[in-house]
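Shown next, in structure tokens, is the structure this report addresses.
The values are calculated or read from the model by the stated rules, or taken from the named source; none is laboratory data. In this text the structure is predicted, and so the values were computed from the model without any measurement. All Cβ positions, glycine included, derive from the backbone under ideal geometry; neighbour counts span all protein chains shown. Heavy atoms of the whole protein, side chains included, go into the accessibility calculation; ligands, DNA and RNA do not. Shrake-Rupley method; radii C 1.70, N 1.55, O 1.52, S 1.80 Å.
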Amino acid sequence: MPRFSMAMDSEKSVLNRIRGWLVHDCWSSYFRSNNMKHAICGAHILRELEGLIENRQSKWAKVFHVFLMHVYEMPFEERVKRRDHIEDRFSLICSLGEKAEPPPRKTPGKKGRYKRTKGRNLVERLIREKEAVLAFAFNRKVPFTNNLAERDIRPAKVKQKVSNCFRTLSGAEIYARIAGFVSTARKHDRNVFSELYTTFEGHNFITG
């Protein structure tokens with residue numbers, strides 16, 4: 001079983017306890033959980049579109065890039081008011097992408113899935129997950145990207161690369177607990193040092 005699947009199925013996985021929105025990069029494994037609502041990270045989509053524009057001068061990708069940024073910069077009330085127009089425009093650009101991207105084809109002499117270009121994969125994903133891609137546009141609680149979460153987890157990834165791994169599971173758990181507390185304090189505009197100090201005195205902004 002892949003490590004990510006083991007982590008998701010673990011009793012300690014936070015994904016098993018999420019009941020709200022999960023903003024992610026559209027990895028299929030995330031959709032295994034029906035407990036949460038799914039939203040696709042806009043930053044990931046923009047990077048893929050930029051790759052198509054730079055490497056292949058893809059016209060539909062450029063149009064979709066401009067469209068997505070326009071919706072992002074639009075005031076929330078206006079998005080809601082123009083929802084039908086936004087969704088129709090989304091579908092129209094994707095239909096142009098379908099026509100522009102080569103259809104899946106079988107590689108001669110090879111078994112398995114039909115070969116798809118990166119552009120084809122992206123446009124099919126956009127069509128399939130239209131609701132999740134536009135979730136940020138019509139839900140105040142859904143951010144455009146998951147960059148905040150990625151910034152929170154980056155120090156742990158850097159530590160893993162530099163130190164290779166944690167020596168013990170308990171050490172990793174302690175590190176995660178401290179890092180999680182510090183991150184939460186910052187999100188609430190709290191002084192991290194003060195909150196750590198009061199924690200050792202038996203109280204903080206979380207416990208009261």
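For residues that are surrounded by 13 or more Cβ atoms within 10 Å (Cβ to Cβ) and β-branched (V, I, T), scanning just the range 53-76, find the one that is nearest to L148 (Cα to Cα). My answer is V71. When only residues in the range 31-52 that are modelled with pLDDT under 85 and either surrounded by fewer than 17 Cβ atoms within 10 Å (Cβ to Cβ) or in contact with a Ser or Thr (Cβ under 8 Å, 6 or more places away or on another chain) (or both) count, which is nearest to E124 (Cα to Cα)? Ranking the qualifying residues of the range 31-52, first place goes to F31.
Given R167, R151, R177, R186, which one is surrounded by fewer than 16 Cβ atoms within 10 Å (Cβ to Cβ), assigned to a loop (DSSP other than H, G, I, E, B) and not aromatic (F, W, Y)? Going through R167, R151, R177, R186 in turn, the sole match is R167.
Comparison of R116, R105, R79, R89 shows that the only residue that is open to solvent by 90 Å² or more (accessible area, probe 1.4 Å) and at pLDDT 95 or above is R89.
Among the residues of the range 168-208, the one identified as among the acidic types (D, E) and under 14 Å from A156 (Cβ atoms) is E173.
Being in contact (Cβ under 8 Å) with a residue 24 or more places away in the chain and closer than 16 Å to E124 by Cα is a description that does not apply to I86.
Yes/no per residue for (1) within 14 Å of F138 (Cβ to Cβ); (2) touching a Gly at 6+ places or on another chain (Cβ under 6 Å); (3) of a type outside the set (D, E); (4) in contact (Cβ under 8 Å) with a residue 60 or more places away in the chain:
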position	(1), (2), (3), (4)
G20	no, no, yes, yes
R32	no, no, yes, no
N35	no, no, yes, no
L46	no, no, yes, no
Q57	no, no, yes, no
V71	yes, no, yes, yes
E77	yes, no, no, no
L96	no, no, yes, no
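G51 falls short on exactly one of the conditions (1) under 16 Å from K130 (Cβ atoms); (2) touching a residue at least 40 places away in the same chain (Cβ under 8 Å); (3) part of a helix (DSSP H, G or I), and that condition is (1).
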